[in-house]
Amino acid sequence: MPPVMTRRRFLALGGGLAAVSATGTGALILRGNDPTRVLASSRQVLDVEATRRGVGAAVVERTLTAAPAQVVLGDRTVSTWAFGKLPGPEIRLSAGEVLRARVKNDLAEPTSV
């Protein structure tokens, strides 16, 4: 199976090609599975995030439901997908609180937040 072209790899490729064309050199190295990359799921990130949450921090729980909706745009009512309304619901937290968001998908396609 060929490697997936992520947004990061696409931008790196574009920047690398621009650098190659600007300098006239052909030395371009793209590494797909770089063990030194830090991802959101990397231990370094998880350790830092764990220190941000205070012991006994308040947890604010919200559910976001993605579903078909009718919205008014100027003088027209159109069918679209939304989180209940457009723009979606505002979520406010105080410093130190933790957000636990549950996404309920009532759409015919996958979605993410």
Condition check for residue 32: at pLDDT below 85, open to solvent by less than 80 Å² (accessible area, probe 1.4 Å) and farther than 30 Å from residue 11 by Cβ = no
Select from the stretch 83-113 the residues that are of a type in the set (A, V, I, L, M, F, W, C) and farther than 15 Å from residue 65 by Cβ and list them in ascending order.
-> 93, 95, 98, 99
Among the candidates 103, 38, 45, 20, single out the residue that is open to solvent by less than 100 Å² (accessible area, probe 1.4 Å), among the β-branched types (Val, Ile, Thr), on the phi < 0 side of the Ramachandran plot and modelled with pLDDT of 90 or more.
-> 103
Which of the residues belonging to the stretch 62-100 are open to solvent by 80 Å² or more (accessible area, probe 1.4 Å) and either part of a loop (DSSP other than H, G, I, E, B) or of a type in the set (Gly, Ala, Ser) (or both)?
-> 75, 79, 86, 87, 90, 92, 95
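The values are calculated or read from the model by the stated rules, or taken from the named source; none is laboratory data. Everything numeric here is computed off the predicted structure, so don't read it as measured data. A quick note on method: Cβ atoms are made from the backbone with ideal geometry, for glycine too, and the neighbour counts reach across all protein chains shown. To get the accessible areas, we keep the full protein, side chains included, count just its heavy atoms, and leave off ligands, DNA and RNA. Shrake-Rupley method; radii C 1.70, N 1.55, O 1.52, S 1.80 Å.
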